[in-house]
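Heads up, the thing below is written out as structure tokens.
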Amino acid sequence: MTVVEHQGQTDAPRPAPPPHWRPRTDPVPLLPDAEPYRLLGVAAAPAKPGARRTKASAKKSPAAAADPALLRRLYAELVRGRRYNAQATALTRQGRLAVYPSTTGQEAAEIAAALVLQDQDWLFPSYRDTLAVVARGVDPLETLTLLRGDKHTGYDPHATRVAPLSTPLATHLPHAVGLAHAARLRGDDVVALAMCGDGGTSEGDFHEALNFAAVWQAPVVFLVQNNGYAISVPLDKQTAAPSLAHKAVGYGMPGRLVDGNDVLALHEVLGEAVLRARTGGGPTLVEAVTYRLDAHTNADDATRYREAEEVEVWRAHDPVRLLERELLALGILDEDAIDAERERAEEFAAGLRARLNADADPHPEELFAHVYATPTPHLAEQAEQLRAEREAEAEGAAHDDAATHDDERESGR
């Protein structure tokens, strides 16, 4: 359309647009931080003019002001999470796991997401978020069951308040919105925290989930772990948005941009978002800027799309070392405490190995259990077909054994 401006009419009063043309929300409060929000490694804020600067006040960096018990808990979970990632990756090489999408380098987002939720809340993880599921308190053996390829989810979603791992990108986000909206209609004190990667934000389900969450003011927190690549596709090939957190403004919800390797900053930002949702403030989109140090999965060759130098830059910003350095400087940790946490992590990994080796193979007919609350006739027919085929194979094998035995007897062997 071509707009023609008529001479001599530029100063004429223009009719006010109808009210529905005006923005209903001031976008400025919804905009994310200009830079990723950080707390670890951040110096104490400068004293106000005229304020007396004491030794104690000078020490009060954000980490120094945090609860030491929380800092030690976060560190312990990070150390265990790093060992969990290494152990699960090793299990794929031994053939004990079919596939494992590692979160090495992303442990801070996984741990913070799990720890900010209360018992009655729900976690909606993607396939990469098994560490968050374990930190939520789910048995690690059951958490890895789906990735082992044995049977269904592996854990009871209702008992654990953790939705099944979602392999399709972003399809679980509308589920989180639906659950949270329904819980609020029932008057239940429930917040849903849904996790996805940067690739998930390019999916239609992401749009639908955020749109309805904002319209309904559902108590949901969306956590996007931006690890730079959707398998091999870099972020700048997925979106032209200034940041993924900026997308929140378009839906009418706040966006927060946070350093995804800073577990303390994540714990604060996600905690605020959960509180906001719980108290009727509606949804929040949080983008955690992080990096996966390992490949997409054990089946991926990351050297085909990223340089080793890029990985090393992020390795220097490792979430475990980032917190460890801070706690050593503050005197909250010492070398003995670090060794003790590493020993506990080794015991955790050894227990996981032993239990995976001892876990019996599932019965084939369990494939049909738990697909529906009430099995459909078609599913029952498939189950009966499998049972009949297995019985026929067993009878055939028994007949072959008997024939072989008869042949050997007749030949005198």
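For the options 233, 220, 138, a Gaussian network treatment of the chain with springs between C-alpha atoms closer than 10 Å singles out 233 as fluctuating the most.
For region 230-331, the list of GluC sites (Glu not before Pro) that fall in a loop by DSSP and count at most 12 other C-beta atoms within 10 angstrom reads 307.
Just to confirm, what accessible area per residue do you get for the chain at 1.4 Å probe, in whole Å²?
That works out to 54 Å² for each residue.
What value, in deg cm²/dmol to 500, does the helix sum -39500 (n - 2.57) over DSSP H runs of n ≥ 4 give at 222 nm once divided by the residues of the chain? Working shown, then result.
Values: 16 runs with 189 residues, N = 413.
Only helices count here, giving -14000 deg cm²/dmol.
Relative to the longest principal axis of the Cα atoms of the chain, helix 204-216 runs at roughly 50 degrees.
Diffusion of region 292-360 by Stokes-Einstein, at 10 °C in a medium of 1.306 mPa s and with Rh set to the Kirkwood radius over alpha-carbon pairs, works out to 105 µm²/s.
Using the C-alpha atoms of region 168-306, what convex hull volume per residue, in cubic angstrom, is computed? All intermediate terms of the calculation are to be shown ahead of the outcome.
Numbers: hull volume 14.6 nm³, N = 139.
Measuring per residue, one finds 105 Å³ for the Cα hull of region 168-306.
Annotation: amide H-H contacts under 5 Å for residue 166 (H modelled 1.01 Å from N, sequence separation of 5 or more, or interchain): 126, 127.
Across the alpha-carbon atoms of the chain, the computed radius of gyration and Dmax are 26.9, 118 angstrom.
Sequence-distant contacts, meaning Cα pairs under 8 Å at least 6 residues apart, place the relative contact order of region 242-399 at 16 percent. Taken along its three principal axes, the alpha carbon spread of region 96-236 comes to 44, 39, 26 Å, from the longest extent down to the shortest.
Could you order peptides 163-173, 237-247 by the average number of other Cβ atoms within 10 Å of their residues, highest first? Could the numbers behind the result be given before it?
Numbers: 163-173: 20.3, 237-247: 17.2.
Going by the mean number of other Cβ atoms within 10 Å, highest first, we get 163-173, 237-247.
Normalised size of region 56-169, defined as Cα radius of gyration per 2.2 N^0.38 Å with N residues, equals 1.19. Structural descriptor for the chain: relative contact order 20 percent, calculated from alpha carbon pairs under 8 angstrom and at least 6 residues apart.
Heavy-atom accessible area, probed at 1.4 angstrom with all protein chains present, ranks 82, 409 as 409, 82, highest first. Taken over the C-alpha atoms, region 250-393 has Rg and Dmax values of 24.1, 69 angstrom. Judged by the mean number of other Cβ atoms found within 10 Å, the most tightly packed of the peptides 381-390, 313-322 leads the ranking 313-322, 381-390.
Residues whose amide H comes within less than 5 Å of that of residue 105, counting only those at least five positions distant or on another chain, are 293 (H built at 1.01 Å from N in the peptide plane).
The values are calculated or read from the model by the stated rules, or taken from the named source; none is laboratory data. Just so we're clear, the structure is a prediction, and the values are computed from it rather than from any experiment. Cβ atoms come from the backbone with ideal geometry, glycine included; neighbour counts cover every protein chain shown. These accessible areas exclude ligands, DNA and RNA; they are computed on the full protein's heavy atoms, side chains included. Shrake-Rupley method; radii C 1.70, N 1.55, O 1.52, S 1.80 Å.
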